[in-house]
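Read through the structure below, which is laid out as structure tokens, and then see the notes.
The values are calculated or read from the model by the stated rules, or taken from the named source; none is laboratory data. The structure displayed is predicted, hence computed values, not measured ones. In this analysis, Cβ positions are derived from the backbone assuming ideal geometry, glycine residues included, and neighbour counts consider all displayed protein chains.
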Amino acid sequence: MTKLGQFIVVEGLEGAGKSTVIKAIQRELEAHGHELKLTREPGGTPMAEAIRDCVKHDWQDEIVTEQTELLLMYAARSQLIENTIKPALANGIWVLGDRHDWSSLAYQGGGRQVNLAHLNAIRELTLDGFTANLTIYLDINPKVGLSRAAARGELDRIEQSGLAFFERARETYLNLVKNSDSAILIDAEQSIDKVREDVITAVRQFLGMTE
Ligand code: Z5A
């Protein structure tokens, strides 16, 4: 029988260094002989990528309501889970995700402060208990993260949400890590090399538990 793949997710605010550490994790997992599928959220299937364009776009005079933003995030997630993540895991392929459900809890739940009962109802509908095996949360002060993101060019619609929004999102992430036994916090304000080193140590520990 094929051994199931594992789902590892990297989470964090903008500029935390997710893209940077994902490359290092990819190398590590492949060196251990795991076939790997990379995903990003929102996105990762043709339809979910179209939703990503839609949700990041600045619609100028048309207000994107909190409800629309929330529903689009979970619509994209449902497409990705059912079409890509679950089939990969069932075939023994590991999945490495750039963001997943915690992003919605942090940004829509914490940042936008959407009604939590509604958020949980949509989560239940979409996820039905599906969850990552390991979440690596890169913790960064939003001022530092946003200045890194801004140095790369113009900020997108969500990135323009203001500091208080990102402070609430960070607070939510910190609570999620505190209450999870499958997540690890990495200090993302350290040098890139030290962040990479800490992340690889965490991944090796996880590999030790699964191999
Ligand atoms: N979103 C949401 O609201 N709800 C949801 O459910 C989901 C997402 C799934 C996705 O945009 C947006 O959607 C995101 C959350 C929202 N928006 N906001 N705001 P994205 O995928 O385009 O953006 P991102 O995920 O935030 O990616 P990012 O800004 O590229 O961040 P990153 O991948 O963590 O950072 P990076 O590209 O690795 O590094 C950024 C820069 O910092 C780069 O120049 C690096 O060289 C530099 N860097 C990285 N690490 C360091 C260290 N340690 N020191 C110094 N410099 C560093």
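Comparison of I93, I51, I63, I122 shows that the only residue that is at pLDDT 95 or above and out of contact with any Pro (no Cβ under 9 Å at 6 or more places or on another chain) is I122.
State the number of residues belonging to segment 181-207 that are touching a residue at least 60 places away in the same chain (Cβ under 8 Å) and assigned to a helix (DSSP H, G or I). Adding up the residues that qualify gives 10.
When the residues of segment 15-34 are narrowed to those that are of a type in the set (A, V, I, L, M, F, W, C) and within 17 Å of the chain's Cα centre (by Cα), which ends up surrounded by the fewest Cβ atoms within 10 Å (Cβ to Cβ)? Step through it out loud before you land on a result.
The initial filter retains those residues of segment 15-34 that are of a type in the set (A, V, I, L, M, F, W, C), namely 16, 21-22, 24-25, 29, 31.
Those left that are additionally within 17 Å of the chain's Cα centre (by Cα): 16, 21-22, 24-25.
Details: A16: 27, V21: 24, I22: 19, A24: 17, I25: 22.
Restricting to residues being of a type in the set (A, V, I, L, M, F, W, C) and within 17 Å of the chain's Cα centre (by Cα), the top hit is A24.
Applying the condition of being of a type outside the set (S, T, Y) and farther than 9 Å from A48 by Cβ to segment 71-86 and asking which residue is nearest to the ligand (Cβ to nearest atom) yields M73. Residues of segment 139-159 that are within 8 Å of the ligand (Cβ to nearest atom), in a helix (DSSP H, G or I), more than 14 Å from T20 (Cα to Cα) and of a type outside the set (A, V, I, L, M, F, W, C): E159 alone.
Taking residues in segment 115-133 that are without any contact (Cβ under 8 Å) to a residue 40 or more places away in the chain, and partners anywhere that are of a type in the set (A, V, I, L, M, F, W, C) and surrounded by fewer than 12 Cβ atoms within 10 Å (Cβ to Cβ), not one pair has Cβ atoms closer than 7 Å while being at least 6 places apart or on different chains. The single residue among G5, G12 that is surrounded by 15 or more Cβ atoms within 10 Å (Cβ to Cβ) and within 11 Å of the ligand (Cβ to nearest atom) turns out to be G12. Does R170 satisfy the condition of being more than 11 Å from the ligand (Cβ to nearest atom), in a helix (DSSP H, G or I) and either modelled with pLDDT under 95 or in contact with a helix residue (DSSP H, G or I) (Cβ under 9 Å, 6 or more places away or on another chain) (or both)? So R170 fits the description; yes. Of the residues making up segment 103-120, those that are buried (at least 18 other Cβ atoms within 10 Å of the Cβ) and either under 25 Å from H32 (Cβ atoms) or of a type in the set (S, T, N, Q) (or both) are S103, S104, Q108. Within segment 35-66, restricting attention to residues that are in a helix (DSSP H, G or I) and surrounded by fewer than 18 Cβ atoms within 10 Å (Cβ to Cβ), the residue that is farthest from the ligand (Cβ to nearest atom) is P46.
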